[in-house]
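So the structure is just underneath, and the comments pick up after that.
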Amino acid sequence: MIKFLNKRLQLGTITENSELEREMKFIQKEIKDTIKRKFAGSLAIRMVDSGSCNACEAECNALSNPYYNLERLGIYFVASPRHADVMLLSGIMTFNMTPHVLDAYEQIPSPKWVITIGDCPMMKAPLEKTFAIKAPANNHLPIAYHIKGCPPTPTDIIKGILEFLRGI
Ligand code: SF4
């Protein structure tokens, strides 16, 4: 308690997490530099939902706000898989969506990568025993990187994108 009070007296009232801000600045710089080097400055992502609850999408939407501002780093969400470099796949692989997910993957020009987001795409037993589910996603697609969480926070997603970029 004393330690906590001392820290409060030293720092005063703060409304921002300065450590996280600093870390984010390093991450954002590395993402921007890597995209410049490996993707000529812009990385296009096509988000595909194979059966999610939409919370993963809500976290991805936050990436476009002025705080995270992904477009400043060269990352764009595109409407057509034909304009994409990467598929960002959320949700459990449902029977009905599987052919559409595979179709979207086919339409992405090579070289292409799939990043899965949230715990759903990798979810297996006991759900794969039902008629409606064709899980997990890696039975159908080559997964380049998996971002864990249910849902992952925008910071987790940005860190995951950086790890993916480092690995390719
Ligand atoms: S991982 Fe969690 S938040 Fe994301 S789609 Fe699945 S249930 Fe929803």
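Each reported figure results from applying straightforward, stated rules to the coordinates on display, with no laboratory input. Predicted model, so just to flag it, every value in this text is computed and none were measured. Reconstructed Cβ throughout: ideal geometry from the backbone, glycine too, with neighbour counts over all protein chains shown.
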Legend entry - Within the chain, helix-based [θ] at 222 nm, where runs of 4 or more DSSP H residues each add -39,500 (n - 2.57), nearest 500: -12500 deg cm²/dmol
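Calculate, in nm to one decimal, what A132 and E16 gain on full extension: separation in residues at 0.36 nm each, minus their alpha carbon distance. Don't skip to the end; give the middle numbers.
Working: separation 116, 0.36 × 116 = 41.76 nm, distance 4.44 nm.
Between A132 and E16, full extension yields 37.3 nm more.
Direction-averaged shadow area of the convex hull around the Cα atoms of the stretch 55-125, nm²? Working shown, then result.
Values: hull surface 22.3 nm².
Dividing the Cα hull surface by four gives the mean projection, 5.6 nm².
Whole number please: convex hull volume per residue of the Cα set in the stretch 1-42, in Å³? Walk me through the numbers on the way to the answer.
Details: hull volume 3.3 nm³, N = 42.
So the per-residue hull volume is 77 Å³.
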Inset, instruction - Enumerate the amide H contacts of I75 below 5 Å, restricted to partners 5 or more residues apart or on another chain; note that Pro and chain-start residues carry no placed amide H. - result: L43
Legend entry - Under Karplus coefficients 6.51, -1.76 and 1.60, residue-wise ³J(HN,Hα) of the stretch 94-104 in Hz, glycine/proline x: 8, 4, 5, 8, 3, x, 6, 5, 5, 4, 4
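Between N6 and R82, what FRET efficiency follows from the Cβ-Cβ distance if R0 is 45 Å, with the result rounded to 0.05?
On the way: r = 58 Å, r/R0 = 1.29.
Calculated transfer efficiency: 0.20.
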Inset, instruction - Sort largest first and round to whole Å: the equivalent ellipsoid semi-axes of the chain, each the square root of five times a Cα gyration tensor eigenvalue. - result: 33, 21, 12
Legend entry - Under-24-angstrom lysine pairs by C-alpha in the chain, whenever the two are 8 or more apart or on separate chains: 23
